[in-house]
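The values are calculated or read from the model by the stated rules, or taken from the named source; none is laboratory data. None of these values were measured; they are calculated from a predicted model. Quick reminder, even Gly has a Cβ in these numbers, built from the backbone with ideal geometry, and neighbours come from all protein chains shown.
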Amino acid sequence: MPNQNAICNMINAYFQANSFSTMRFQSGDWNAIAEQVRTAEETGENITPAVLDLDGEGKNMMFDDTMPFRAYHRILSVTYSDDETEYGNPGQTMREISEMKLIFIGSRFKMGTRPENVIAALEMDFPKEFKPVDISPLGLNKCVVEMGDVTYDPYTIWNEEFTGNDFALPTDIIAISLRYRLNILFEKCCFNFCQ
């Protein structure tokens, strides 16, 4: 999607401005889109999510116990189609459906809370639809968020995200995988690589 990182940063800003605005969450690590990166270790190949820059250099998303939490988004799949509901200029509007997930890994002790409270805060604060004033600079007409299922078993999340890595989360960990869908409309003429 055009400007997908920007949408994820806007979602993170909603969290930071609402339930995660208190002092105990201030030093948390909010990240946009992470990609699965293969790394070669002495024990074999591992898969670890990383936020990559334009040079391919990455920030590893492995949990860092010096922070209360680390959060990042991942793209699972994307489907594009011409949007048939727009009037006036048929064939000029695209619809994108992005299946996404937010991974949140944090310390119960440092955050002073339980998994169900973090899940409730994430669900409450997730924007359901972005205001035109926020998304029009990105060339988007509409962006609706549909919430999906939540997993909070640390072993399941570790095996999905950190394939081949030995389980390395402390016992006080809160690990959450929250699936969501972005339903986006944008004009074909509003997207180019120069933005």
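Residues in the stretch 137-150: is at least one free of Cβ contacts under 8 Å to residues at least 12 places away in the same chain and more than 26 Å from Ala50 (Cβ to Cβ)? Taking every residue of the stretch 137-150 in turn, at least one turns out to be free of Cβ contacts under 8 Å to residues at least 12 places away in the same chain and more than 26 Å from Ala50 (Cβ to Cβ). Screening Thr113, Thr171 for residues that are in a loop (DSSP other than H, G, I, E, B) and more than 24 Å from Thr48 (Cβ to Cβ) leaves exactly one candidate, Thr113. Checking Met1, Met94, Met111, Met100 one by one, the residue that is crowded, with 19+ Cβ neighbours inside 10 Å, closer than 24 Å to Glu161 by Cα and modelled with pLDDT under 95 is Met1 and no other. Here Met147, Met124 are screened, and the one residue that is surrounded by fewer than 14 Cβ atoms within 10 Å (Cβ to Cβ), outside any loop (DSSP other than H, G, I, E, B) and in contact with a Phe, Trp or Tyr (Cβ under 7 Å, 6 or more places away or on another chain) is Met147.
Restricting the stretch 13-47 to residues that are of a type in the set (Ser, Thr, Tyr) and surrounded by fewer than 13 Cβ atoms within 10 Å (Cβ to Cβ), which is modelled with the lowest pLDDT? Before the answer, list the steps.
To start, the set of residues in the stretch 13-47 that are of a type in the set (Ser, Thr, Tyr) comprises 14, 19, 21-22, 27, 39, 43.
Remaining after also requiring surrounded by fewer than 13 Cβ atoms within 10 Å (Cβ to Cβ): 21-22, 27, 43.
Working: Ser21: 95, Thr22: 93, Ser27: 94, Thr43: 64.
Among those residues, the one meeting the criterion is Thr43.
Look at Val118 and say whether it is at pLDDT 95 or above, surrounded by 12 or more Cβ atoms within 10 Å (Cβ to Cβ) and touching a Lys or Arg at 6+ places or on another chain (Cβ under 8 Å). Considered against the rule, which asks whether it is at pLDDT 95 or above, surrounded by 12 or more Cβ atoms within 10 Å (Cβ to Cβ) and touching a Lys or Arg at 6+ places or on another chain (Cβ under 8 Å), Val118 comes out as no.
Residues that are out of contact with any helix residue (DSSP H, G or I) (no Cβ under 9 Å at 6 or more places or on another chain) and not in a strand (DSSP E or B) within the stretch 35-81 comprise Glu42, Thr43, Asp53, Leu54, Asp55, Gly56, Glu57, Met62, Phe63, Asp64, Thr66, listed in sequence order. Before we move on, is Asp29 in contact with a Phe, Trp or Tyr (Cβ under 9 Å, 6 or more places away or on another chain) and among the acidic types (Asp, Glu)? Criteria met by Asp29.
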